[in-house]
Amino acid sequence: MLPVASSPIEGLSSPRRPPDAILAVTDVEVEALVYDDGSDDDTARIVMAYARRDPRVRYLRGADLPEGWCGKMHACHRPAIEARLPILMFVDADVRLTRDAVSRLHAFLRQSGAGLVSGFPKQRTGSFIEAVLIPLIGFVLLGFLPLRQMRRSTHPAFAAGIGQLFMACRDAYDRAGGHAAIRTTLHDGLELPRLFRKAAIKTDICDAGDIAECRMYAGAAATWRGLRKNATEGLGSPLLIVPVTLLLGLGQVSPTLLTIAAWLTGNHTTLPWALGAPAMSYLPRLLAAARFRESALGAMLHPLGIGMLLLIQWQALVARALGKPSEWRGRAYPA
């Protein structure tokens, strides 16, 4: 993934809420639209306080979720149709941005020539499960995605992104159909880039770890549920789950298990040779952990994390086959 700009990295010593970072932009015209779809926290009070100080902030109060919509897709669709400017930026409320985040992501959008770009924030982790599982999202994506071919082609098979941070050209967004065209999905990180590519519009991704950070899920239960809710739209789909299980299981888990078995059984003559396979499986993960400043513990427990990730995919697929709805943020979505 490319950095969002070649300018010096400011870092995340003073991460800001999305409105703060957007309003800090002075070189281009900006507006901040905040959609409240029935939050039971202080969203309304906080946003209205911003709006009183700065007319560029607009508070959008949501009504009941329309039938057939996922809450996240509707929360992106409503501000998009209200926005007045030619560039749209979708950012989750729990993402923290640096002062220059908007300008640098916009620079990458122009540099890439894409109609949609997604920046991958630095993922903060708190619990053990988070440290083991969350970094695998980027690891698996980069392991499966040929970046050069992705940038040369608009084929939907090369769609990639993360729903935490998107930026799009308004005309390309409208031409692709926007979030209204994927209203039922729980996984806009894949489905929105795929939608653009189906309309022959280029998409791209970048490493936004120096301008954005986010704690995706807080705690073991939320992490497990969060990864499971959209698994069948990604690795856990009926078409992918068997080859993905074989590829990740044989390539990332079994070498370590076989090495442990050789050591436990006292077969020390083959042990030096057996150590080569897990070393090769660990190397990409350790390099990624160093590059993206991820948990060292999570990297050392890489095979365990892969095994848990595969279990989540199968669990989600079985739940879908049984017709069990996906539950998230207090809402249930039919299988």
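Reported value for the chain: 146 Å³ per residue, from the convex hull of its C-alpha atoms. The phi torsions of the stretch 205-221, fed into the Karplus equation with coefficients 6.51, -1.76 and 1.60 and a -60° offset, translate into couplings of 10, 8, 7, 9, x, 8, 10, 8, 9, 7, 9, 4, 9, 10, x, 5, 5 Hz, rounded to whole numbers, with Gly and Pro shown as x.
Volume per residue for the stretch 173-228 equals 106 cubic angstrom (convex hull of Cα atoms). Of all lysines in the structure, those lying under 29 Å Cα to Cα from LYS324, and not within fewer than 8 positions of it along the same chain, are LYS72, LYS229.
Hey, what does the equivalent ellipsoid look like for the stretch 129-200, semi-axes from the Cα gyration tensor as sqrt of 5 times each eigenvalue, largest first, whole Å?
Each semi-axis is √(5λ); the values are 23, 16, 9 Å.
Which of rounded, prolate or oblate describes the stretch 217-256 when judged by the alpha-carbon gyration tensor and an a/c cut-off of 1.5? Note, shape of the stretch 217-256 comes out oblate. Computed from the Cβ-Cβ distance with R0 of 56 Å, the FRET efficiency linking LEU85 to LEU258 stands at 0.50. Sites listed here are GluC sites (Glu not before Pro) in the stretch 26-86 whose DSSP assignment is loop and whose Cβ has at most 15 other Cβ atoms within 10 Å: GLU29, GLU67.
Using the beta-carbon distance between GLN149 and ALA51 and R0 = 51 Å, what value does 1/(1 + (r/R0)^6) give for FRET efficiency, to the nearest 0.05? E between GLN149 and ALA51, to the nearest 0.05, is 0.70.
Output the direction-averaged projected area (hull surface divided by four) of the convex hull of the alpha-carbon atoms of the stretch 29-115, in nm².
On the way: hull surface 27.4 nm².
With every direction weighted equally, the projected area is 6.8 nm².
Note on LYS202: no lysines have a C-alpha under 21 Å away, same-chain residues under 8 apart excluded.
Here, each number is a calculation from the coordinates, and none is a lab measurement. These numbers were taken from a predicted model, which means no experiment stands behind them. Glycine gets a Cβ as well: all are built from the backbone with ideal geometry, and neighbour counts include every protein chain shown.
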